[in-house]
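Working notes, structure below.
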Amino acid sequence: MKAKQIVILGTVGVPAKYGGFETLAENLVKYHDASSLFDPITVYCSSRSYPAREQSFLSAQLKYVPLNANGVQSILYDIVSLFSAVWNRSDVILLLGVSGAIALPLIRLLSSARIVTNIDGIEWRRGKWKGWAKCFLRFSEKMAVRFSHETIADNAAIADYVAQTYGVKSHVIAYGGDHALAVDELAVHEYLLPESYAVSVCRIEPENNVRMVLEAFARLNKQALVMVGNWNISEYGRTVREQYASCRNIILLDSIYDLGKLKYLRSRALLYIHGHSAGGTNPSLVEAMHFGKAVLAFDCNYNRSTTEDKALFFKNSDELVRLIETMDLAKAERVGRDMAEIAERRYTWRIVAQQYFALLGA
């Protein structure tokens with residue numbers, strides 16, 4: 001049987017050093033390597049982020065594109081990667097995200113490669129996109145769904161949207177989160193943590209309801225919150241940080257990418273607060289679920305789907321205050337057990353990788 005050349009496009013690269021798609025790509029490679037899969041695999045990387053330009057990572061070959069994989073250049077980065085994959089006679093293309101999907105009609109004309117696209121969340125609905133950017137992302141999404149052989153949604157609510165909007169059935173494959181446990185703890189001695197606290201890890205954006213969460217905890221003098229995020233990259237983040245920095249029970253930390261430090265923070269927390277309102281299955285949520293902590297999540301169909309309706313939900317700061325004020329240890333432990341059971345059943349990288357490679361035909 002002839003081997004099929006599988007390529008992964010649309011990420012900064014591997015080993016992961018950025019976000020959810022990079023973590024996905026790395027764990028697919030790890031599974032491919034550990035399982036000794038027959039079909040070779042290649043991952044496209046940004047040489048701007050990997051100046052050493054290693055030629056391989058575990059069982060994956062690496063190819064480099066001299067463009068940034070994020071921001072406006074991500075469109076060209078993905079398009080160049082797609083044409084390179086076609087030039088190199090790839091058999092199966094896994095495209096992560098829709099930025100470069102405007103090239104798919106031409107790719108389909110030039111190549112017989114099977115194209116599988118993870119459309120990510122409904123990106124164009126995010127509040128940070130305005131005007132032409134919103135229109136472009138919506139058009140790219142349409143091209144991705146129409147010209148891919150298969151589409152992947154990371155959440156059942158996203159799959160429902162694709163079915164209702166385009167009449168296309170998607171494969172629902174979420175993310176793994178068990179990598180967050182599979183590291184050694186690294187104590188964060190530079191932070192003075194309270195004895196009992198809730199934790200939240202997110203990008204500091206309005207759609208993650210950061211202000212709503214902080215407003216609630218500002219009224220909860222007896223319950224501490226540790227919130228980790230990229231406060232300084234936007235005026236919104238800087239303004240919110242300045243507004244709540246003086247609250248004695250609120251600790252605002254800059255982004256932490258070291259999984260050992262995050263494990264230290266998460267494993268000692270009493271509760272996990274998840275304010276995300278967009279984006280499908282959020283990697284930060286499935287990671288947190290593996291720690292068996294009670295999850296208090298913003299009430300939207302994505303979060304309800306991810307947690308199988310077993311988290312505790314809030315729609316505003318008043319509801320979040322009430323949830324915390326009425327929380328007792330027995331309830332927190334029960335919800336935490338539910339989160340851990342769901343995470344182990346649905347959100348391990350072994351399960352996710354098996355689903356991906358079955359779809360890719362490996």
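Which residues, counting only those in segment 217-233, are modelled with pLDDT under 95 and in a helix (DSSP H, G or I)?
Matches in segment 217-233: Asn232, Ile233.
Yes or no, residue by residue, for (1) at positive phi; (2) surrounded by fewer than 20 Cβ atoms within 10 Å (Cβ to Cβ); (3) at pLDDT below 95:
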{"position": "Leu94", "(1), (2), (3)": "no, no, no"}
{"position": "Ser99", "(1), (2), (3)": "no, no, yes"}
{"position": "Ile107", "(1), (2), (3)": "no, no, no"}
{"position": "Ile122", "(1), (2), (3)": "no, no, yes"}
{"position": "Lys134", "(1), (2), (3)": "no, yes, yes"}
{"position": "Ser140", "(1), (2), (3)": "no, no, yes"}
{"position": "Phe147", "(1), (2), (3)": "no, yes, no"}
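What's the total number of residues in segment 307-341 that are assigned to a helix (DSSP H, G or I), touching a helix residue (DSSP H, G or I) at 6+ places or on another chain (Cβ under 6 Å) and within 17 Å of Gly176 (Cα to Cα)?
Residues meeting the conditions: 1.
Could you look through segment 234-259, keep only residues that are surrounded by fewer than 15 Cβ atoms within 10 Å (Cβ to Cβ) and outside any loop (DSSP other than H, G, I, E, B), and pick out the one that is nearest to the chain's Cα centre (by Cα)?
Asp254
Please indicate, with yes or no, whether at least one residue in segment 24-36 is outside the structural domain of Val286 (by TED's automatic domain parsing), part of a loop (DSSP other than H, G, I, E, B) and farther than 25 Å from Gly280 by Cβ.
Yes, segment 24-36 contains a residue that is outside the structural domain of Val286 (by TED's automatic domain parsing), part of a loop (DSSP other than H, G, I, E, B) and farther than 25 Å from Gly280 by Cβ.
Could you check segment 151-161 and list, in sequence order, the residues that are out of contact with any helix residue (DSSP H, G or I) (no Cβ under 6 Å at 6 or more places or on another chain) and crowded, with 16+ Cβ neighbours inside 10 Å?
Answer for segment 151-161, where residues must be out of contact with any helix residue (DSSP H, G or I) (no Cβ under 6 Å at 6 or more places or on another chain) and crowded, with 16+ Cβ neighbours inside 10 Å: Ile152, Asp154, Ile158, Ala159, Tyr161.
When you go through Leu214, Leu193, Leu186 one by one, which is the residue that is in contact with an Asp or Glu (Cβ under 8 Å, 6 or more places away or on another chain) and either within 17 Å of Cys247 (Cα to Cα) or not in a helix (DSSP H, G or I) (or both)?
Being in contact with an Asp or Glu (Cβ under 8 Å, 6 or more places away or on another chain) and either within 17 Å of Cys247 (Cα to Cα) or not in a helix (DSSP H, G or I) (or both) holds for just one of Leu214, Leu193, Leu186, which is Leu186.
Going through segment 163-176 one residue at a time, which ones are crowded, with 20+ Cβ neighbours inside 10 Å and either aliphatic (A, V, I, L, M) or in a strand (DSSP E or B) (or both)?
Ile173, Ala174
Hey, could you check segment 282-306 for residues that are touching a strand residue (DSSP E or B) at 6+ places or on another chain (Cβ under 9 Å) and assigned to a loop (DSSP other than H, G, I, E, B) and say which is modelled with the lowest pLDDT?
If we take residues in segment 282-306 being touching a strand residue (DSSP E or B) at 6+ places or on another chain (Cβ under 9 Å) and assigned to a loop (DSSP other than H, G, I, E, B), then Asn282 is modelled with the lowest pLDDT.
Would you point out the residue of segment 64-92, among those that are in contact with a Phe, Trp or Tyr (Cβ under 9 Å, 6 or more places away or on another chain), over 19 Å from Thr151 (Cα atoms) and small (Gly, Ala, Ser), that is modelled with the highest pLDDT?
Restricting to residues being in contact with a Phe, Trp or Tyr (Cβ under 9 Å, 6 or more places away or on another chain), over 19 Å from Thr151 (Cα atoms) and small (Gly, Ala, Ser), the top hit is Ser84.
Out of segment 289-304, which residues are under 18 Å from Asn208 (Cβ atoms) and crowded, with 20+ Cβ neighbours inside 10 Å?
Met289, Val295, Leu296, Ala297, Phe298, Tyr302, Asn303
Residues of segment 260-269 being surrounded by fewer than 17 Cβ atoms within 10 Å (Cβ to Cβ) and either under 13 Å from Ile204 (Cβ atoms) or of a type outside the set (S, T, N, Q) (or both), which ones?
The answer is Gly260, and nothing else.
Could you please tell me which pairs satisfy a Cβ distance under 9 Å, a separation of 6+ or placement on different chains, a first residue in segment 308-322 that is over 23 Å from Thr281 (Cβ atoms), and a second residue that is part of a strand (DSSP E or B)?
Val321/Phe314; Arg322/Phe314
Identify the single condition in (1) within 21 Å of Ala297 (Cα to Cα); (2) touching a residue at least 60 places away in the same chain (Cβ under 8 Å); (3) not aromatic (Phe, Trp, Tyr) that Ile152 does not satisfy, given that it satisfies every other one.
Every listed condition holds for Ile152 apart from (1).
Quick check on my filter: what residues within segment 292-333 are of a type in the set (Ser, Thr, Tyr) and within 26 Å of the chain's Cα centre (by Cα)?
Tyr302, Ser305, Thr306, Thr307, Ser317
Of all the residues that make up segment 43-73, how many are buried (at least 19 other Cβ atoms within 10 Å of the Cβ), of a type outside the set (A, V, I, L, M, F, W, C) and closer than 19 Å to Gly20 by Cα?
Residues in segment 43-73 being buried (at least 19 other Cβ atoms within 10 Å of the Cβ), of a type outside the set (A, V, I, L, M, F, W, C) and closer than 19 Å to Gly20 by Cα: 2 in total.
Suppose we filter Leu285, Leu323, Leu312 for residues that are within 24 Å of Ser255 (Cβ to Cβ) and surrounded by 15 or more Cβ atoms within 10 Å (Cβ to Cβ); which single one remains?
Leu285
Kindly provide the set of residues from segment 137-163 that are polar (S, T, N, Q), under 20 Å from the mean Cα position of the chain (by Cα) and within 20 Å of Ile102 (Cα to Cα), ordered by number.
Ser140, Thr151
Find the residue count for segment 183-232, including only residues that are within 25 Å of the chain's Cα centre (by Cα) and aromatic (Phe, Trp, Tyr).
Adding up the residues that qualify gives 2.
The values are calculated or read from the model by the stated rules, or taken from the named source; none is laboratory data. If you're wondering where the values come from, they're calculated on a predicted model, not measured in any experiment. Note: ideal-geometry Cβ built from the backbone for every residue, glycine included; neighbour counts use all protein chains shown.
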